[in-house]
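Accompanying notes for the structure given below.
The values are calculated or read from the model by the stated rules, or taken from the named source; none is laboratory data. This structure is a prediction, so every number in the text was calculated from the model and none was measured. Every residue, glycine among them, receives a Cβ derived from its backbone with ideal geometry; neighbour counts consider all protein chains shown.
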Amino acid sequence: MNRRRQTDRGDVRTPDACDPCGTLVTVKREILTVGHPLLRERAREVDPDELASKEIQALIDDLVDTMRAANGAGLAATQVGEMVRIAVIEVDHNPRYPYKPKIPLTVVINPVIEPLDGELVEINEGCLSVPNLRGNVMRHVNVRVRHLDREGTAHDDVRRGLTAGTFQHECDHLDGRLFLDRVEDTTTLATWEQFERFHRKAFVERITAFVERVGS
Ligand code: NI
């Protein structure tokens, strides 16, 4: 498992990616940042027999704790240097993305995403592994997501809108891709401070109308 883990408790102090002042927050695992080679590798499938192991269950708990401590909407195992196809997603009044519809805590293992049609939406994204930068990416609006949960139960759901975007972002991590790779118009790149100042209002107006239309 992760050799960068500092102590048995695993608590690491790291700058909060969304806070330009660099306030220190305590998280369970160190979140790797862009430039770390492991963020660029494909993670391996989890064998269903492995799922019940203490290591995998502890990793899932750590991912949830780390995501919540860092105010992430999701966190993939690769972001803490564990090369297995596991990600956690949760949105509940997220201060980083207050316009995102709620998503109850979802543990996705071995996810497979399939676009249901050609409809795309331009979403402004950020990432805990890309501190203090946001940019616009195109995402599929309607996707089918198949995955296992932490008990090994298979799920097959349709996800739409911003929620579909969040699932695509996390699954990209498991293939070694960052949202940066999908930014076509690099003039949309902005620090969180400049996004707030110059771009937030127009984006939130557009995306709020989109969420109302699509339903999530
Ligand atoms: Ni990310």
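If the condition is being surrounded by fewer than 19 Cβ atoms within 10 Å (Cβ to Cβ), part of a strand (DSSP E or B) and not basic (Lys, Arg), then segment 134-155 contributes Met138, Asn142, Ala154, His155. Residues in segment 57-98 that are touching a Leu at 6+ places or on another chain (Cβ under 8 Å), within 12 Å of the ligand (Cβ to nearest atom) and of a type in the set (Lys, Arg): none.
Would you confirm whether any residue within segment 172-188 is part of a helix (DSSP H, G or I), away from the ligand (no atom under 16 Å from the Cβ) and either touching a residue at least 12 places away in the same chain (Cβ under 8 Å) or crowded, with 20+ Cβ neighbours inside 10 Å (or both)?
Yes, there is a match, as at least one residue in segment 172-188 is part of a helix (DSSP H, G or I), away from the ligand (no atom under 16 Å from the Cβ) and either touching a residue at least 12 places away in the same chain (Cβ under 8 Å) or crowded, with 20+ Cβ neighbours inside 10 Å (or both).
Just one residue in the set Ile109, Ile123 is in contact with a Lys or Arg (Cβ under 6 Å, 6 or more places away or on another chain), surrounded by 14 or more Cβ atoms within 10 Å (Cβ to Cβ), modelled with pLDDT of 95 or more and part of a strand (DSSP E or B); that residue is Ile123.
His93 meets each of the listed conditions (1) at negative phi; (2) assigned to a loop (DSSP other than H, G, I, E, B) apart from (1). The set of residues in segment 111-153 that are charged (D, E, K, R), within 17 Å of Glu170 (Cβ to Cβ) and more than 16 Å from the ligand (Cβ to nearest atom) comprises Glu114, Arg144, Arg146, Asp149, Arg150.
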